[in-house]
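The structure appears below as structure tokens.
Each reported figure results from applying straightforward, stated rules to the coordinates on display, with no laboratory input. The model shown is predicted, which means the values in this text are computed figures rather than measured ones. Positions of Cβ are generated from backbone atoms using ideal geometry, with glycine treated the same way; all protein chains shown enter the neighbour counts.
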Amino acid sequence: MEWKGRRGSRNIEDRRGMRSAGGAVGGVGVIAVLLIGYFLGIDVTPLLEGAGSAPQSQTTQADLSPADKAAGEFVSVTLADTEEVWGHVFPEQVGKAYRPPVLVLFKGVTPSPCGDASGATGPFYCPPDRKVYLDTDFFTTMSQQLGAGGDFAAAYVVAHEVAHHVQNEIGILNRANQVRAQSSQAESNAISVRIELQADCLSGIWAREADARFGTLEEGDIEEAVNAARQIGDDTLQRNAGRRPMPHTFTHGTSEQRSRWFLRGYRSGDMGQCDTFAARQL
């Protein structure tokens, strides 16, 4: 992916100059905590206790390395690409103006209305403040521990979280979460899978349009994104954590489902093809 020297987004809130101490993980980030726990074999219970509690006010300064700065620039360019793509696709296919999200860059821990964001939560989208939270160290985790390296794999992560914002703008995310709140755990997980697979499909639409509009994709980029989708499938994460895959606990979908829905969006470019809630078979 050719990104250096290109326009960045103004919708970046960079909190990497400080770290907040204390607080617990909550909201949308809980799902990501569980996934990381599955892969690394970590007991994440302490992270989940007291979800939503207020963070402590203590902060310390964190120096940004050249790699941190480069990662921030990369995310800014990728976010700008999502803004331009969805700024065209959303009005054309939904009939409404697109309001882009803000992306919060952080290191360590930072507060959000969905609970504290930390390196353990992984990237997530918080609907109440319409912001994406991302510690770019997650890209290193993807490459070194999840087997999902490459700049377009990282771009897919950003695009996936922005896709949750697209769902929120349409109204799908709020309705789905309302149903989840009234459902059993197994039913809630099943709805979560449909939410995540739809976001993968919307990410595929972004990839298609980014290639068409900017011509910045390079050979192998789509394969990087597909591989990333496969490596973070629930079944693969559970196997890599030494566990037997348990479909009733899946919250994001299998490796095959995630890669297939991404490609569905990429090949069609049609948001209507991303209706996972109407699909009889995922």
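Taking θ as phi - 60°, what are the ³J(HN,Hα) couplings along segment 143-159 by the Karplus curve (6.51, -1.76, 1.60), each to the nearest whole Hz, with x for Gly and Pro?
Going residue by residue, I get 6, 8, 10, 9, x, 10, x, x, 5, 6, 5, 5, 5, 4, 4, 4, 4 Hz, with x marking Gly and Pro.
How many nm separate the modelled label positions at residue 6 and residue 69, each set 7 Å beyond the Cα in the direction of the Cβ?
The modelled label-to-label distance comes out at 2.2 nm.
Can you run the Rg to Rh ratio on segment 131-252? Use alpha carbon positions and the Kirkwood inverse-distance Rh.
That ratio equals 0.99.
What is the set of long-range amide H partners of residue 14 at a cut-off below 5 Å, with H atoms built 1.01 Å from backbone N?
Counting only residues 5 or more places away or on other chains, the set is 105.
May I ask for the net charge around residue 226, where only other residues with Cβ less than 12 Å from the Cβ of residue 226 are counted and Lys, Arg are +1 while Asp, Glu are -1?
Here the count lands on 0.
Output the peptides 156-163, 236-243 sorted from most to least packed, where packing is the average of other Cβ atoms within 10 Å over each peptide's residues.
My ranking of the peptides, most packed first, is 156-163, 236-243.
Net charge near residue 90, counting Lys/Arg +1 and Asp/Glu -1 over other residues with Cβ under 15 Å of its Cβ?
-2
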